[in-house]
Each structure stands twice: as structure tokens, then as C-alpha cells.
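Student: Dropping the structure in here first, questions after.
The values are calculated or read from the model by the stated rules, or taken from the named source; none is laboratory data. Since we're looking at a predicted model, the values are computed, not measured. Cβ placement follows ideal geometry from the backbone for every residue including glycine, while neighbour counts extend to all protein chains displayed. Surface areas here come from the heavy atoms of the whole protein model, side chains and all, with no ligands, DNA or RNA. Shrake-Rupley method; radii C 1.70, N 1.55, O 1.52, S 1.80 Å.
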2 protein chains.
Amino acid sequence: METFSKDLLDAARGFIPADAVVKNALVFNPFISDWECGDLAIKNGLVLGIGTYNGKTEYDLSGSYIIPGLIDAHVHIESSLLVPREYARLVVLHGTTTVIADPHEIANVTGLPGIEFMLAERSGALIDIQYLLPSCVPATPKDMGGAILDARDLQQFIGRDGILGLGEMMNVPGVLAADPAIGDKIQFCAIRDGHAPLLRGHDLNAYILAGIQSDHECTRRDEAEEKLRCGMYLFIREGSTEHNIADLIGLVTPKTVARCCFATDDCHADILFEKGHIDRCVRLAIGCGLEPELALRMATLSAAERFGLSDRGALTPGRRADFCVVDDLHQFIVKKVFVMGKEVQPVHSVACKSPTSPFTCRLPSADELQISGSGEARVIGLVPHQIITDSLRYTLAAQDIPDFHRDILKVVVCSRYRDKECAIGLVHGFSLRRGAIASSISHDAHNIIAVGTSDAEIRTAIEEVIRLKGAMVAVVGERPTILPLDCSGLMSTLPYPEVVGRLQDLQMVTEHMGSIDDPFMYLSFLALTVIPSLRITDQGLFDVGESANIPLFLH
Amino acid sequence: METFSKDLLDAARGFIPADAVVKNALVFNPFISDWECGDLAIKNGLVLGIGTYNGKTEYDLSGSYIIPGLIDAHVHIESSLLVPREYARLVVLHGTTTVIADPHEIANVTGLPGIEFMLAERSGALIDIQYLLPSCVPATPKDMGGAILDARDLQQFIGRDGILGLGEMMNVPGVLAADPAIGDKIQFCAIRDGHAPLLRGHDLNAYILAGIQSDHECTRRDEAEEKLRCGMYLFIREGSTEHNIADLIGLVTPKTVARCCFATDDCHADILFEKGHIDRCVRLAIGCGLEPELALRMATLSAAERFGLSDRGALTPGRRADFCVVDDLHQFIVKKVFVMGKEVQPVHSVACKSPTSPFTCRLPSADELQISGSGEARVIGLVPHQIITDSLRYTLAAQDIPDFHRDILKVVVCSRYRDKECAIGLVHGFSLRRGAIASSISHDAHNIIAVGTSDAEIRTAIEEVIRLKGAMVAVVGERPTILPLDCSGLMSTLPYPEVVGRLQDLQMVTEHMGSIDDPFMYLSFLALTVIPSLRITDQGLFDVGESANIPLFLH
């Protein structure tokens, strides 16, 4: 017990001065979802208490609100395109002081060294990064990436600093079938996050019975309410393209708030920079009519309690003095942030040694990109603001693609791990009028994925991704715009302002191409075989409900 | 993970029948503090879920309410005067299926063998008894009973079934002074209950900073609110003589209910039998105007979560199928109880081998019971319905005691462990008009304590306690009425109906003596040196605030 010391206790009792005292602010207390006034006293990075205190340093924060440091209950840092320490530099500005991250993406690409890299990045990060172990590498047995991690691989991390439990269990069919390999992973972790889009009724009961405790994949209110009733923690998500707050926030009441948290899951650095992080969730929730104090409870204590982090989530004696300062509750613009009692100051980016990543694929030939056939075709339908896709059917002839009138484009997936033929499908919803985009991020195997209006531009984009051993690329004609992803083909080791700048460039180019917003985020989910309905992997079109590959044309 | 089995998952999915299904009842769901309808399916003692299910056994509970098994967040089973298995037989009838017990009393008398006895009694008990390790044996260094338990003594229990953490830390001055012996006990337990009557402000901050997480000693609303704000779990108590619900229940709101539980602390068997257990708390709380659903949340999930018991507290998939059935929410009379999916049936009492207890004291001589002097005397004042006492002052002469007019009687404490002189004090509030009572229960050292209207009757009562090696005795003239306490002088090994009967006899006799209700419970607290204000031990009068022995007369 680091808090059981004469020095700290004497300071709490007011016998000796605190290190720092924050005066004249209203302090949010999530235990009562209400505000406190009084001096907030801090020593050794911990809260001594609220009362009448003197400190060696005193801050006058008259007229401000102090909120315990915000917590993201579920995030893949890789999706920011930043390495963890850069990610921390960015999100801390928004008041985030703790994230619960699942290094699922890098683990799928580079396996154990990827997890070790993410753990090593904790040291020196401006916020506390806590990890859950990626439970599904690969996501399903059919979805091979760069690694297979079994229970023994994961178990070696148990007990290490920064490891809290088991990350989102996506293999729902495996759980329901009582797959012993999954049972092995579940049994040594007390904390087990879930991932069960649209799972309901008896099968939801079975999934929870198996030991899964949370879900961040709800898109519908009745679905979320059922999960809450069944005892799941509900992580209400607002990512780059996954917008669930407006639909779900009505479920949060004083009676349910202890079981509800915010999560961002997948958010590109430009969105984090421009729109915010958990502060954005708080603003959106308040904008939807949620009482500010309930939004703050979600963002602080509810998340801390879900993960057994009894050392944070509130500014009560003995907890970490992590907090942010805002002047207006409804605008909720974070003005200052304190971590372990010290105001966060700008720091420089630090170079990191990122793990090597395999890129043993080859550029598909022009012939390989050809498709043929006609009749009723299966087309992946993007769902605006959601991670799920529709399984659409259009009557068409292959030679008519791209079909600008009906917004149907070619989508190509090339294995990045194996020298084999690429898979080709069709997608509706990107709205590209010219050019092509490609990326080395495609959940969860992270093969190369491209969508475009011409085979030539698709090939140029893929060629750039391969040449750079990972990148996001937009091509119009022969001119590429690029964000290199030198860390495992998933993240950039550049400082976050540069990554944000390049993402803004890409956004400009894709806008010029006629694209919807955030096309790379939608693109990255097209291969995600654990979320309904229709997907495409390096093995072809994939029907999630049937858990089977299916042909492009129905007959 | 016992729940990760094909058999259970198939049953949850409805592929094979459940063991039992409860139909047509409303099921309380504490995650939303609301009601569910649907079949409650059970297999292997666990909940499969609510939905449409078929079972090998089906119960039609039309018109009934089903509540997850009630939980007592803090109790000393010894105070019931029953051994644990008898206690379980009694409280299960009231819907209790889990208690968090601190074997503090028996540990003070017999040390480690006492704790082992209480642990052994878990097996075969009708409810689940979970223990916290008694943190303060003796309660304070000045309060010697039959044992001293240090951190090493306690640590050997960690990891054993039925041990959850550290019981109420009563040595507040020791905590505030950062006594290393207390630090040693705190550091190996994640769960640490508190005991801090009237502690406020800076010192409360320090006590929490030291690692203490809960309190069940609040008697005032502002005190309880402060503790809640500081992040303590609040156990709102209703014992035999400790009545805190009426004063504190107003603090329970949808925003705070997750941090509030019920506790009984000290309750004699007759009160449990006649008035109930946690069901009584629920009734009282509802009677005070608390929304029934919030009272039920406190009595179920809030208590389970406080102790990390994620396998109970709600009837959701994978949790224990412990529940009780009531027909009317406001009357809240428990009609049936199920533990691990099976309806509780009457069982016979089983003999137990109780630990021997020391009784090496002798009967004080008539001379020893004399007091002399006159002037301003310190008198212990009972506070009706509370465990605290007042420190009163009366001008009197020793020879005028008993003073029936001002209700001042003689109170005597004899060490049960050592052959030494007894201590004599004065007490106001028992209202005895004749006779004397004595008992081998006097928290926390459990010496022999007696109060009475004549020295002869006091001696007769003490003589009976010694002869029986533990008892509660009421004497009028020479005629004793007795409940033998053959288990360490604290509990009876008789079946609970007999103990209840004898307690009712004692109640009748003491009523006839003119006594207030529950005189033995008040008597048992007169030696309790960890609760304000004035107490008496075998070493004489004790001022709790000063932590010092003081003389009977002021000068």
C-alpha cells in the first residue's frame, strides 16, 4: 500500500502542507454525480482529500469545473494511426488520462512482438495506457493474418503491469459452441470484454453465461437495452465512422449510469485532433439531452469501476490526481489537464523502434483485376455512420463497373503475408467519381485493401502501399497522396501533428474524388468478418451470418 | 470457468431443457432497478437467462415477485448467539442467501481456532457465508481479550475459500498514526472494511487514504453523506439496538444506490426470528419512503459488487440462482427461497464441535463489589437505538446506588481470562427496578459484564455465567433465567428455535424487572472501547476520545 505512509497521512490530516492545492473550483464527484467545493489537496501525485488545505503550490481555478481524468473504455490505439506515445500526446489535450486499449490490430500483423511494442510504449506516455489481451488472433479461424495467438501465448502476459484482462471476444460462434481453445483464454482472465453485434435472446444469454461481460458493438437501442438488462457493461461508442451515442444515450439514467461507459474503438488522428476524444463523447451526450453529471459519471468512475481501477475515476483520498479543467459544462472545452497532480506540459515527440512487419505480397497484374460475369451480384453496402454493412444485390454486368450511376465500385484485397491471387468484390456507398484509394489497414488480418474507379489507379495505389511496406494512399491519375504507416503497416511513427496534416491532405484529395467522409475508415472495415453482414477477405466475398465464402454472382 | 461448458451453453440456447424454469413471475433486475417478465431458466444451480424456456421442473409463480438472494454486507454471526449453520437455517427463511461476516468476536476470545471453527461451519450451511478477517484482535492495544492476531496470523487465510478480505478496521488512531502493524494487515487484502463512528473532515480523508473503503457506523445523515462523497461504501445498519435506517435512508437515490448496502452488524436470534433480517431492512427502508426497487438494489447487486462477488446479486446468465419470492412488494414477506436453483427445505439442526473457551476468572467477593466516594461521578449513558454512549455526569454518593429515581445502576466487568479484580462503574438508561443481568458477551474482549439493582443479584448472575463457562443470565432474587453460551461463551450450540425461546424467556423476565428492550445487547456494548463516548472494561472506566482509563469520581 503506497498510500499507507506517515507522510501522506499527516498531509491529509493537515499537519504538513500538501504538494499542490487547487482552490476555488467546483470538483465533480461521481459517487453522488454532483459537485463539491473546497480545496483539492494533492501529494505524491495522489489526492489527499477535499477540505481546507495549504500547499507548496496553489492554483486558483475560480469559476472552473474540475473533472476526474476521462477514461476511454475501449480503443484500438492503432486505429489512430499513431504509435501509443504520440496517441497519448494527442488525447491528453482532450482531458483523457486513461485508456483501456486492445492491441488487437498489431497482434494480428506481428503477433507477440507487436504486443511487446505496445507495452513498451507505456513508459514515458503522458497518459496511463492499460491493455487487454487480444483474444481473437486471428479474428476467426478463417481470417488468417500474420499471427496465431493461443491461450499459452496470452497467459504469459498475465500479472504484468498494464495488462488488465482479455480483450473483445469476437468469435461469437466459437463461444456459443464452447470451443475449448476459447475456454482456455477465458479462464485465466477475470476481466473479459465482449463484441457481439446484434446478438440477442438465447444466444446472448449463452454468450454472457460463457463469461463475457461487456459490449461496445450495440447499434440499436433495443439491442443495447437487452444487453444492459442481461448484466453487460455497455460501452457506448463514438468512433470515426461508428456513431452510436445519438441512438443509445437515452438508455443512460441515474439507475443505469454505473454500467455505462464511453468508448471510441477506432478513431483516426485527424478526428481526435479536430473533434476530440472522450470530451467529444461527453459533448455529444449532453447535446442529446443527457444530464452533464451523468455523462461525466460514465466518462470517469463507471469506466474505472468496470476495469477494477480503484485508484482513479474520482478525486477522493488516495486516488490518482488525474483531472481536467473546463470553464463551461455544456461547451466542455478542456482547458488544462493534470496527470498525477502535475499540469501536463507540451513535450516533444520521441522516436520509437517499431516492429518490422511482413510485406511479402506482390502487385496484382492488370489481368488479375479483371472480373467477368453478369446477372445478380452481391454488393457490399456501406451503412453511413456504422460499422455494420448491408448485403445488397444488384443486377449488373462485370464490364459495367465502375457503375457511377448506382455507385458500385470494385474493391480488391491482396494478402500482405502470402504471394497469392487477390480477391475482388463490389461495394456500394463510397461515391468515388475518380481515382482510387488503398491501405494496409483492413481489420483484422490487415491485408491490403483498395477501392477505385479504374484498375490502373487501383494498381498504382496498391503499388505505393507495398513499396512503403504500409501506407494509406489516394491516387488520382498517377499522382499519389500518402500517409506512410511504417509501424507494422498500421501506424505512423511521425509526430501526431504531421500525421494529422497528412490525413487532412488525404481528406482533401478524397473529397475532390467525390468520396464520402472518412473513406479510409470505411475501407478498413470491409474485410472485418466478425461484424455483419457482407465482407471481403483475401479469400473472396464472405457472408458473416453463414460464416462462409460465397461467389460474387448468385448463379 | 465452470460456466464455459457445452451443456450449459446448449441449455442457455434452448437446445436442451433447463433443470428448472420459473414461470409467470416478475423478476427484479438490479442493473436497471426494474422488473423483467419471462421464464427464469436454471441449470447446475446457475441462471441460464430469462426468455422462453422449458425445464425438467417448472414452477408457476404467477403474481409473485422474484428477488435475487438478499445479502448482508456486514454482520457478526456471533451476535445472533447462534453457531453459523444455525444462523443460516434462520436467516435463509427471510430470503438471505449470502452474508459477509466478520468473526471478530470469537477471534477475540479464542484466536485462530475460533476463525477455523467459523470457516468449518460454512460447509453444509444453507446460505453462503463469506468472511472478512478480523483486523483488530484486540480492538485496541489496551483492550486485551483472549488472543492477539498479527498480520502473519491473518495472512495465512488469504486465498482460502470463504475469505474475502480484511474486516472492519476499528483502530482509527492506529490508522491515522500510520502504525506499521496495521499497514502490514492492509497491504495483503484488496477488500478492507472500515469502522469509523463520527470520523469527519481531515481525519476521515486520512483514514480513506490509508486504504479503508467502507463504513457501517454512521449514525448521522451529514456524517454518512460526507463518507459517501469521500468514496466510501455506505452500509446502512439495522441491528438489534443499532437503528440507522430511518436517519440515513434519505441519502439513497438512483445516483448513490450503487454505493449503499444494508447491514445488520449485531442482531440477536429472537429479533431475526420475529422481525427479520435483510428483509426487515427492505421493509423499513420502503416504510421510510424509499422506492422499493432502490431498496432491493441495495440488498442485492450493490452488496455483491462491493465485495467483488460477480457470481451473484442479479439473476442474469451465469450467476447463482439464489432468489426469494414475495407476493407483495411493500409488505415484503418472503414466501419461498431458492439457493443454487433449489427451493430451500427445512433441515434438522446438526451438532457442532465448538472450540473450548477460557474461563479462568473467579466470582468477585461481596466486598469487591463495594464502591465508595461521593461528588461528581462519571456515568455511562445509554443512547436509545444507538451503539454510541453518552458520557454523563451526576452528583451522587456511592451508597445511594442503585438510584432508581435517576436510573443509575452499578455495572461490573470481570476478566474472563485472568484472575484479577473486577472493575465497577455506573450506567444510566437500563431502567431496571429489580434483579440483575450478566453475560459473557461484552465487545470486544468479551469479559463478563453485569448490571443490576443489588450486589447479591449481580453476584448470582455472574456466578451462573462462570459456572456455565458462558451464558446470558437474568436473576431476580435467587432465581436465574439462562441462555447457556457453550460455544466460546458467545454462541449457543442449541438449535435456533430453542435459542429464540430462551431469549424470549429472558425478554419476559427483564421486562418484569422493568428493563428497556434488549438490555443484553446494550450491555454487550458497554465495554466497546472503539465507539464513543464512555465505556467500562476490566481495567475500569474508559474515555474513548482520550483513549485512556479515568476514575469514577471527578475528584
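Student: Among the residues of the range A:18-64, write down those that are β-branched (Val, Ile, Thr) and open to solvent by 10 Å² or more (accessible area, probe 1.4 Å).
Tutor: Here is the first cut: in the range A:18-64, the ones β-branched (Val, Ile, Thr) are A:21-22, A:27, A:32, A:42, A:47, A:50, A:52, A:57.
Hits for the range A:18-64 are A:Ile32, A:Ile50, A:Thr52, A:Thr57.
Student: Which condition from (1) of a type in the set (Val, Ile, Thr); (2) in contact with a Lys or Arg (Cβ under 7 Å, 6 or more places away or on another chain); (3) at pLDDT below 95 is the one that B:Thr98 breaks?
Tutor: Single failed check for B:Thr98: (3).
Student: Determine which member of the set B:His428, B:His385 is touching a residue at least 12 places away in the same chain (Cβ under 8 Å) and on the phi > 0 side of the Ramachandran plot.
Tutor: Details: B:His428 fails: on the phi > 0 side of the Ramachandran plot.
After applying the criteria, what remains is B:His385.
Student: Looking only at the range B:215-228, filter to residues that are more than 13 Å from chain A (Cβ to nearest Cβ) and in a helix (DSSP H, G or I); which one of those is surrounded by the fewest Cβ atoms within 10 Å (Cβ to Cβ)?
Tutor: B:Asp222
Student: Would you list the strands (runs of 3 or more DSSP E) that sit entirely within the range A:1-53 and hold 2 or more residues that are facing chain B (nearest Cβ under 8 Å)? Full working, then the answer.
Tutor: Values: elements: A:18-23, A:26-29, A:34-37, A:39-43, A:46-51.
Where strands (runs of 3 or more DSSP E) fall fully within the range A:1-53 and carry at least 2 residues being facing chain B (nearest Cβ under 8 Å), they are A:34-37, A:46-51.
Student: Among (1) of a type in the set (D, E, K, R); (2) part of a loop (DSSP other than H, G, I, E, B); (3) under 30 Å from A:Ile531 (Cβ atoms), which single condition is A:Asp328 missing?
Tutor: Unmet condition: (3).
Student: Further, regarding this structure: Give the residue that is surrounded by the fewest Cβ atoms within 10 Å (Cβ to Cβ), with candidates limited to residues of the range A:183-214 that are within 13 Å of chain B (Cβ to nearest Cβ) and in a strand (DSSP E or B). Working first, answer last.
Tutor: Applying the first criterion (within 13 Å of chain B (Cβ to nearest Cβ)) to the range A:183-214 yields A:183-192, A:194, A:196, A:199-214.
Filter once more, keeping what is in a strand (DSSP E or B): A:192, A:194, A:214.
Details: A:Arg192: 22, A:Gly194: 29, A:Ser214: 26.
It comes out as A:Arg192.
Student: Of all residues in the range A:240-268, how many are of a type in the set (A, V, I, L, M), out of contact with any Lys or Arg (no Cβ under 7 Å at 6 or more places or on another chain) and away from chain B (no Cβ under 14 Å)? Step through it out loud before you land on a result.
Tutor: Here is the first cut: in the range A:240-268, the ones of a type in the set (A, V, I, L, M) are A:245-246, A:248-249, A:251-252, A:257-258, A:263.
Applying the additional criterion that residues be out of contact with any Lys or Arg (no Cβ under 7 Å at 6 or more places or on another chain) yields A:245-246, A:249, A:252, A:258.
Right, trim to away from chain B (no Cβ under 14 Å) and you get A:245-246, A:249.
Selection size over the range A:240-268: 3.
Student: Taking A:Ala151 as the residue in question, decide whether it is more than 9 Å from chain B (Cβ to nearest Cβ) and more than 20 Å from A:Glu105 (Cβ to Cβ).
Tutor: On the way: more than 9 Å from chain B (Cβ to nearest Cβ): yes; more than 20 Å from A:Glu105 (Cβ to Cβ): yes.
Yes, satisfied.
Student: Would you list the strands (runs of 3 or more DSSP E) that sit entirely within the range A:351-449 and hold 3 or more residues that are open to solvent by 40 Å² or more (accessible area, probe 1.4 Å) and not β-branched (Val, Ile, Thr)? Full working, then the answer.
Tutor: Details: elements: A:374-382, A:389-397, A:408-414, A:423-428, A:436-439.
Result: A:389-397.
Student: Residues to consider are A:Glu511, A:Glu457, A:Glu546, A:Glu464; find the one that is modelled with pLDDT under 95 and of a type outside the set (A, V, I, L, M, F, W, C).
Tutor: On the way: A:Glu511 fails: modelled with pLDDT under 95; A:Glu457 fails: modelled with pLDDT under 95; A:Glu464 fails: modelled with pLDDT under 95.
Answer to the selection: A:Glu546.
Student: Could you check B:Gly231 against (1) within 13 Å of chain A (Cβ to nearest Cβ); (2) over 22 Å from B:Arg297 (Cβ atoms) and say which number it fails?
Tutor: If we test B:Gly231 against (1) within 13 Å of chain A (Cβ to nearest Cβ); (2) over 22 Å from B:Arg297 (Cβ atoms), just (2) comes out false.
Student: Hey, can you tell me all the residues within the range B:482-519 that are surrounded by fewer than 22 Cβ atoms within 10 Å (Cβ to Cβ) and part of a strand (DSSP E or B)?
Tutor: Scanning the range B:482-519 gives B:Ile482, B:Pro484.
Student: Is it the case that B:Leu309 is over 27 Å from B:Ser524 (Cα atoms) and touching a Pro at 6+ places or on another chain (Cβ under 7 Å)? Even if it seems obvious, please write down each step before you answer.
Tutor: On the way: over 27 Å from B:Ser524 (Cα atoms): yes; touching a Pro at 6+ places or on another chain (Cβ under 7 Å): no.
Against the criterion (over 27 Å from B:Ser524 (Cα atoms) and touching a Pro at 6+ places or on another chain (Cβ under 7 Å)), B:Leu309 does not qualify.
Student: Output the qualifying pairs, or none if there are none: Cβ atoms under 8 angstrom, residues six or more apart or on different chains, first residue in the range B:355-377 and among the aliphatic types (A, V, I, L, M), second residue part of a loop (DSSP other than H, G, I, E, B).
Tutor: Correct list of pairs: B:Leu369/B:Cys422; B:Ile371/B:Ile401; B:Ile371/B:Leu552; B:Ala377/B:Leu552; B:Ala377/B:Leu554.
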